[in-house]
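Structure first, then comments.
The values are calculated or read from the model by the stated rules, or taken from the named source; none is laboratory data. Here the structure is a predicted model, which means the values were calculated and not measured. Don't worry about glycine lacking a Cβ; one is built from the backbone with ideal geometry, like all the others, and counts go over all protein chains shown.
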Amino acid sequence: MCATLDLELNHSYLWAVKNLENLLNNHPDLKDFPMKFDPAFPDLYPAKIRDADWPNELAPAAEEFLSTVQKYVNGEGMYETG
């Protein structure tokens, strides 16, 4: 199977990962977030992801992170700033 490199998608992925890391590491209201954000891949270049097994390797960690976010938001409440 041959995968092609999608630079725009990879750029969006890097942007999202960087912003999540910055928010969780630097925003004072998120200092008590109970989980470390650890992306599965440093970027989406096909050589790194083509052999990944989503259901068994990646999905459990992604689902755990999203569940933690949901519990955190529901427990802390959402509010407007500014």
Residue pairs qualifying under the 9 Å Cβ cut-off, at least six apart or on distinct chains, with the first in segment 9-28 being closer than 17 Å to Tyr72 by Cβ and the second being in a helix (DSSP H, G or I), are Leu23/Leu30; Leu24/Leu30
Of those in segment 24-82 that are small (Gly, Ala, Ser) and either part of a loop (DSSP other than H, G, I, E, B) or at pLDDT 90 or above (or both), the residue surrounded by the fewest Cβ atoms within 10 Å (Cβ to Cβ) is Gly82
